[in-house]
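The values are calculated or read from the model by the stated rules, or taken from the named source; none is laboratory data. Since the model is a prediction, treat every value here as computed from it, not as a measurement. Glycine also receives a Cβ, built like all others from the backbone with ideal geometry; neighbour counts cover every protein chain displayed. Calculation scope for accessible area: heavy atoms of the full protein, side chains included, ligands and nucleic acids excluded. Shrake-Rupley method; radii C 1.70, N 1.55, O 1.52, S 1.80 Å.
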Amino acid sequence: MSTATATANAPAGSMKNSKRITKGLTYLALTLGSIIMIFPFVWMVLTCFKTQAESMAIPPQILPSQWNFDNFVTALESLPFVNLYINTALLIVLRVLCAVVFSSMAGYAFAKLQFPCKNLLFSIILIQMMLPSQIFITPQYLMLAKVGLTNSIFALVFPGIVSAFGTFFLRQSYLAIPNEIAEAAYLDGCNKWQAFYKVMLPLTGSSMAALAIFTAVFAYSDLMWPLICNTDLNMMTLSAGLSTLNGQFTTNFPVLMAGSLLAMIPMVIIYLIFQKQFIQGIAMTGGK
């Protein structure tokens, strides 16, 4: 009897050990991955307090020999950070508003309404998503140059007025809503516009929040277009302004890292405030 019990307990014990080993390896892999991802940020912060010689030392010097804030002062004197913050904030807010408003209307139209060439127009939107965004830079710049709107806030927002991704994303959200809801609104006396913004639009609140989050992140990190459309330093965004600190032959990396840290502060604060919405938006987008 005891021999049979021991034999039965042996596989259970081995399974527990196997689960513990698997769990330990999983935590080890996640820990290593976290260290790898956070290391560039830690290195940037440490470099902010180094001298230029220390930042280029071989072998690399991890800690600065003396902690000072001279690099932050130099960065603030080299760039008009107040203007860069304002331009970046306006870029994010206006692009988010345009993406959410126009993508909601377009997504609802493609999902629930019938009109001529509907499938053809939606195919054009899909084709635009498949093409690299760089091929649109030249025609977009020529359009702005013709009307004299370069070096302006409108120039920064112009490529994001209409979002192909947002239209596709919200169309999928509207398709998941039963048609009976809109039909009930029509029976209650609503026209198509009232059925859209009073009934259907509130049902896609989580999708619009996710779209707003991704639009804000993409707008904040956009570098190429702000450099092309606005050559005036006072009209650039944070990412474009920081690129001017990168010299052609030599670069003061501590000053560049100090400027990068200053540029990161607003987005870090926004993330800490809306952390729950960020996570929910990403999770919901993956579910879609």
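I'm told residue 195 meets every condition in (1) more than 23 Å from the chain's Cα centre (by Cα); (2) closer than 30 Å to residue 64 by Cα; (3) of a type outside the set (Lys, Arg); (4) open to solvent by less than 20 Å² (accessible area, probe 1.4 Å) except one. Can you identify the failing condition by its number? Unmet condition: (2). Reported count of residues in the range 259-273, each being touching a residue at least 60 places away in the same chain (Cβ under 8 Å) and aliphatic (A, V, I, L, M), is 3. Each residue in the range 91-109 was checked for being more than 12 Å from residue 165 (Cβ to Cβ), more than 21 Å from the chain's Cα centre (by Cα) and either at pLDDT below 90 or surrounded by 19 or more Cβ atoms within 10 Å (Cβ to Cβ) (or both), and 2 of them qualify. The test for being open to solvent by 60 Å² or more (accessible area, probe 1.4 Å) and touching a residue at least 40 places away in the same chain (Cβ under 8 Å) holds for residue 76. Could you list all residues from the range 139-197 that are hydroxyl-bearing (Ser, Thr, Tyr) and under 19 Å from residue 96 (Cβ atoms)? Answer for the range 139-197, where residues must be hydroxyl-bearing (Ser, Thr, Tyr) and under 19 Å from residue 96 (Cβ atoms): 152, 163, 167, 173, 197.
Checked against (1) open to solvent by 60 Å² or more (accessible area, probe 1.4 Å); (2) in contact with a helix residue (DSSP H, G or I) (Cβ under 9 Å, 6 or more places away or on another chain); (3) not acidic (Asp, Glu), residue 178 passes all but condition (2). Note on the range 31-55: residues that are over 20 Å from residue 67 (Cβ atoms) and open to solvent by less than 30 Å² (accessible area, probe 1.4 Å) total 1. Taking first residues from the range 221-232 that are of a type in the set (Ser, Thr, Tyr) and partners that are surrounded by 13 or more Cβ atoms within 10 Å (Cβ to Cβ), the Cβ contacts under 8 Å between residues at least 6 apart in sequence or on separate chains come to 221/239; 231/150; 231/151. Would you mind stating whether residue 85 is at pLDDT 90 or above and closer than 27 Å to residue 223 by Cα? Answer is yes for this residue.
Would you mind telling me which numbered condition in (1) in contact (Cβ under 8 Å) with a residue 60 or more places away in the chain; (2) not in a helix (DSSP H, G or I) residue 149 fails? In the conditions (1) in contact (Cβ under 8 Å) with a residue 60 or more places away in the chain; (2) not in a helix (DSSP H, G or I), residue 149 misses (1) alone.
Does residue 5 satisfy being among the hydroxyl-bearing types (Ser, Thr, Tyr), at pLDDT 85 or above and over 30 Å from residue 245 (Cβ atoms)? Against the criterion (among the hydroxyl-bearing types (Ser, Thr, Tyr), at pLDDT 85 or above and over 30 Å from residue 245 (Cβ atoms)), residue 5 does not qualify. Considering only residues in the range 251-270 that are in a helix (DSSP H, G or I) and of a type in the set (Val, Ile, Thr), the one that is least open to solvent (accessible area, probe 1.4 Å) turns out to be 255. Evaluate the range 212-231: report whether one residue or more is of a type in the set (D, E, K, R), open to solvent by 40 Å² or more (accessible area, probe 1.4 Å) and at pLDDT 85 or above. No. Taken together, the residues in the range 126-156 that are closer than 28 Å to residue 209 by Cα and surrounded by fewer than 19 Cβ atoms within 10 Å (Cβ to Cβ) amount to 15.
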